[in-house]
Structure formats: C-alpha cells, structure tokens
1. If Leu429 meets every condition in (1) surrounded by 11 or more Cβ atoms within 10 Å (Cβ to Cβ); (2) more than 16 Å from the ligand (Cβ to nearest atom) apart from one, which number is that one?
2. Return the residues of segment 116-141 that are open to solvent by less than 10 Å² (accessible area, probe 1.4 Å) and either within 12 Å of the ligand (Cβ to nearest atom) or under 19 Å from the mean Cα position of the chain (by Cα) (or both); say none if nothing qualifies.
3. Looking only at segment 285-316, count how many residues are within 9 Å of the ligand (Cβ to nearest atom) and touching a strand residue (DSSP E or B) at 6+ places or on another chain (Cβ under 9 Å).
4. Residues of segment 336-354 being away from the ligand (no atom under 16 Å from the Cβ), open to solvent by 10 Å² or more (accessible area, probe 1.4 Å), out of contact with any Phe, Trp or Tyr (no Cβ under 8 Å at 6 or more places or on another chain) and not acidic (Asp, Glu), which ones?
5. Give me the strands (runs of 3 or more DSSP E) completely within segment 127-176, filtered to those with at least 1 residues that are among the aromatic types (Phe, Trp, Tyr) and at pLDDT 95 or above, ordered by residue number.
6. I'd like to verify a number: residues in segment 104-115 that are surrounded by 21 or more Cβ atoms within 10 Å (Cβ to Cβ) and within 13 Å of Trp269 (Cα to Cα), how many?
7. Name the one entry in Lys85, Lys78 that is of a type outside the set (A, V, I, L, M), assigned to a helix (DSSP H, G or I) and either within 25 Å of the chain's Cα centre (by Cα) or buried (at least 22 other Cβ atoms within 10 Å of the Cβ) (or both).
Amino acid sequence: MSFRSHLEGLKDLNVIKKLVSKKLEASAVINELNDKPVLFEKIKESDFKVAANIFPTKDSIANYFGCKVNELIPTITKAIESPSKPEVVENAPCQEEEMEIDFDKIPILFHCENDGGNYISSGVVVSKDQEHGQNLDFHRCMQIAKNKLVVRIVKKRNFDEFLQKQKKMPIAICIGNGANVLVAAATSVEIGRNELEIANTLEPLKVTKAKTFDALIPAECEFVLEGTISLEELHDEGPFVDLTETVDVVRQEPVFTVTKITHRKDAIWQALLPGKLEHKILMGMPREPTMFKKVNEAGIKCIDVNVNPGGCSWLHARIKIDKKNEEDGKKAIQAGFEGHKSCKHIFVYDKDIDIYNDEDSEWAMATRFQADKDFVMKEKEKGSSLDPSAEPGTKMTTKCGFDCTAPLETKGKSFGKAVFPKAELKKYLE
Ligand SMILES: Cc1cc2nc3c(=O)[nH]c(=O)nc-3n(C[C@H](O)[C@H](O)[C@H](O)COP(=O)(O)O)c2cc1C
C-alpha cells in the first residue's frame with residue numbers, strides 16, 4: 001500500500017477545504033488535531049495539497065500493516081531479521097511529472113514562530129556507498145534558497161559515515177511514504193543493511209531507479225528531490241524544534257543542492273509536526289524490538305516495551321517482564337540500555353501493570369519501588385544528542401533505572417491490586 005492509497009482509505013480523515021497558509025497556519029491546525037489525520041486541499045502558496053498526522057499512533061501503524069498493536073514488536077523484529085528484496089519497476093508514479101526547481105512552489109511548511117526557515121521534516125534520504133550499498137534514514141532539511149536545503153546530520157551514524165568518506169555525494173530525498181518505508185528508515189541497523197529491504201518485509205514495496213544516480217528509491221512516494229550534498233558547502237541549520245519539543249541549537253551543516261524534482265500527478269506533500277506524536281512514534285517505536293530482544297537474550301521473559309511519549313519517545317522506556325528471579329528487574333534495566341543506547345531512564349514493571357497507562361505505571365513505582373534496593377545508576381555515559389540536560393558538547397549524562405517490580409517473596413502487605421466487584425451502572429441509574 002502506498003501513502004496515497006492509505007490516505008484514500010482513511011475513514012477519519014479531516015479534509016480542510018479552506019485556503020490555508022504554509023506559514024504557521026497549517027502547523028497550528030495539525031497541532032490542534034493532534035492524533036487525527038488531516039488533508040489540506042488548498043494551500044495559499046502552492047498548488048499541491050498537504051497531508052499530516054497520518055501515522056501518529058501505534059494503532060495507525062498497526063492498521064497500515066494489518067496487525068494488532070501487540071504484534072508490532074514481532075512484526076518489526078521479523079522485518080529487521082529477514083529483509084527481502086523489493087520489486088523493481090519502471091514508469092514509477094513518483095516520476096510521473098517533473099517540475100521546475102523552485103522550493104517556493106512546494107508547500108514546505110514553516111512550523112513554529114522561531115524556526116530558522118521552512119522545513120522538510122518527513123523526508124526519507126536515500127544514499128549510497130561503494131562499500132556498503134544503500135542506506136535509508138531521516139534528516140530534517142531547512143530551505144535556504146529555491147534549490148538548496150541545509151541538512152541536519154547526527155554524527156557517527158551511517159549517513160554521516162558515507163558523507164565523511166565521500167565528502168560530496170548524490171542523494172535523493174523522498175517525501176510521502178507509507179509506514180513500511182518510514183518505520184524502516186527510522187531503524188538503526190548496522191552499516192551495509194539496506195532499509196528498503198526491511199521496508200519490503202514490513203509490507204511489499206515497489207522501488208525504481210533514481211533519475212540522476214544509480215540508486216533505488218520508493219516508487220510510489222509523492223515527491224523525489226535529487227541532487228548533491230557536500231561537506232565543502234556548510235550553512236547554519238536551525239533553530240528548529242526537535243523530538244523533545246525544545247528548540248535545538250543552530251549548527252553548521254552540509255548543503256544539499258537539488259538538480260531534479262519529480263512527483264506524482266496531483267502530488268500530496270507529507271508534513272510532520274516536529275516533536276509531536278508522529279515524530280515521537282516514528283523515533284521511539286523502532287527501539288522497542290531491539291530492547292525487547294536484549295532483555296530476552298539476558299534470560300528474562302520480556303512481555304512488552306513502551307518507549308513512551310511522556311519520555312519524548314526516546315529518553316524513557318517502560319519494560320514489562322514476567323519476573324521469575326529477584327534480580328530480573330535490575331538485569332532487565334541493564335539489557336534495556338543495551339537495546340537503546342540513547343535511553344536515559346528505564347522503568348521495569350511486573351506483568352499485572354499496564355505500561356501504556358501513566359497512572360498504573362506510577363502506582364507500581366509508588367507501591368513496589370525502594371530506592372536503596374531497586375535503583376540502578378550508571379554515572380556519566382554518552383547520552384542522547386537530543387537531551388537538553390546532557391552535558392553540552394560531550395552529551396555525557398547520568399542514566400538510571402527503576403526496578404518497579406514487586407519482590408517475589410512478600411513479608412508484609414501484599415503487592416496485588418485489590419479486585420473490586422463490578423456493577424452494570426445502567427441498571428442503577430435509569
Ligand atoms: C521523523 C524523524 C526525524 C529525524 N530527523 C533526523 C535528523 O534531522 N538528523 C539525523 O541525523 N537523524 C534524524 N532522525 C533519526 C536519527 O536516526 C537518530 O535516531 C537521532 O538523531 C537521535 O540520535 P541520538 O542517538 O544521538 O539520540 C530522525 C528520525 C525521525 C523518525
């Protein structure tokens with residue numbers, strides 16, 4: 001299924017017919033709608049439509065994959081472990097039309113008052129390296145001219161390694177993708193793994209040859225921007241709101257000069273509000289299978305992992321285990337950090353706790369946690385580049401874990417929640 005066909009099938013899509021500006025107005029509406037999908041039919045500054053909030057929840061992603069929410073971890077795990085080759089097609093929809101290179105004609109949104117410019121925030125970057133093959137990942141891009149974008153690149157990740165080696169290289173930025181491509185692009189797999197093959201296992205994918213360099217791109221995306229990114233040309237990038245909903249610092253980043261823009265007929269621009277639910281779900285969810293796996297590998301039965309939005313879907317994780325030994329909680333904390341290196345605080349719960357319910361999770365901590373016995377501190381480790389409280393520059397941070405599981409042997413009060421009798425209220429309130 002493509003982004004387009006998924007959008008057409010959405011029963012709860014809010015279609016906005018009123019003329020809306022790409023500057024602050026569209027992002028305000030997207031924010032108000034929060035987790036509800038939206039299609040803007042008329043954008044003041046562009047002839048293209050804009051869609052947003054298409055994959056803001058686990059339900060919306062499970063719905064796309066045709067599975068249940070509790071099947072997402074095994075589904076993503078299987079895709080990472082069993083990648084498969086996508087079908088290569090000619091005459092791809094994403095190359096149906098070619099347009100003049102002028103970003104002012106595309107609805108690249110200006111999201112928040114203090115942003116440094118118009119930003120592409122849902123763009124999936126396709127890059128290639130002679131030794132390692134193709135790579136797929138996300139990079140926010142700020143418009144700095146009609147044909148130039150400055151690209152935020154986190155250091156020491158696969159794309160950065162490609163660029164440091166090649167200095168200047170052709171890339172394609174693909175906008176308007178289905179959840180298979182988006183989730184695959186958000187996984188962190190070892191260098192040399194082509195995420196398009198992970199996407200294809202998630203849900204069959206068609207790919208096609210890029211127009212200006214030898215690489216395969218998702219054939220059914222909405223827009224493709226092709227050109228060259230170069231370490232020889234740097235520009236200020238930012239300010240921009242990041243995953244934590246705080247404003248990121250301005251950095252000097254490489255410039256991407258676009259030489260070709262193709263798109264589908266009546267192309268729909270995919271917007272993504274930075275820091276909000278869709279950004280969070282795409283960042284956090286692909287870390288859940290890796291944490292789940294590490295906990296199980298440590299000999300503890302992991303039931304579920306929730307890299308929850310309250311923890312920016314990055315810095316916090318809740319792990320639910322079937323506790324069999326007193327040390328299982330603490331071991332799960334250590335294993336969890338192995339599965340998500342940027343995580344800062346890990347909370348471990350028993351199987352009776354709903355790790356999607358903030359009150360239930362806090363209740364477990366209130367009733368089952370003792371700091372002197374159940375707290376794990378990992379002083380001064382490399383943390384997330386996104387954490388405003390990490391040491392500026394080095395990003396060193398203190399990580400910790402909270403074992404909120406009950407002891408197996410109880411000496412005083414019990415730890416189970418009381419079961420109250422149930423009543424059918426209708427019978428009493430009629
Ligand atoms: C919607 C979305 C936007 C992202 N934007 C960027 C980006 O602009 N630059 C980048 O290098 N990585 C980006 N990433 C993902 C990175 O792969 C990475 O996880 C992130 O930079 C955090 O790194 P950390 O380990 O230092 O915390 C994005 C991922 C998603 C899902």
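The values are calculated or read from the model by the stated rules, or taken from the named source; none is laboratory data. For clarity, every value in this text was computed on a predicted model and none was experimentally measured. All Cβ positions, even for glycine, are placed from backbone atoms using ideal geometry, and neighbour counts span all protein chains on display. Only protein heavy atoms, including side chains, enter the accessible area calculation; ligands, DNA and RNA are left aside. Shrake-Rupley method; radii C 1.70, N 1.55, O 1.52, S 1.80 Å.
1. (1)
2. Those that are open to solvent by less than 10 Å² (accessible area, probe 1.4 Å) and either within 12 Å of the ligand (Cβ to nearest atom) or under 19 Å from the mean Cα position of the chain (by Cα) (or both): Tyr119, Ile120, Ser122, Gly123, Val124, Val125, Val126, Ser127, Asn135, Leu136, Cys141.
3. Summing the residues that are within 9 Å of the ligand (Cβ to nearest atom) and touching a strand residue (DSSP E or B) at 6+ places or on another chain (Cβ under 9 Å) in segment 285-316 gives 2.
4. Selection gives Lys351 alone.
5. Numbers: elements: 133-138, 141-143, 148-151, 168-175.
The strands (runs of 3 or more DSSP E) meeting that bar are 133-138.
6. Quick first cut of segment 104-115, residues surrounded by 21 or more Cβ atoms within 10 Å (Cβ to Cβ) only: 106-109, 111.
If we keep only those that are within 13 Å of Trp269 (Cα to Cα) too, we end up with 106-109.
Of the residues in segment 104-115, 4 are surrounded by 21 or more Cβ atoms within 10 Å (Cβ to Cβ) and within 13 Å of Trp269 (Cα to Cα).
7. Lys78
Conditions (1) closer than 26 Å to Lys209 by Cα; (2) within 22 Å of the chain's Cα centre (by Cα); (3) of a type in the set (Ser, Thr, Tyr), marked per residue:
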site	(1), (2), (3)
Arg4	yes, yes, no
Val50	yes, yes, no
Glu71	no, yes, no
Ile101	yes, no, no
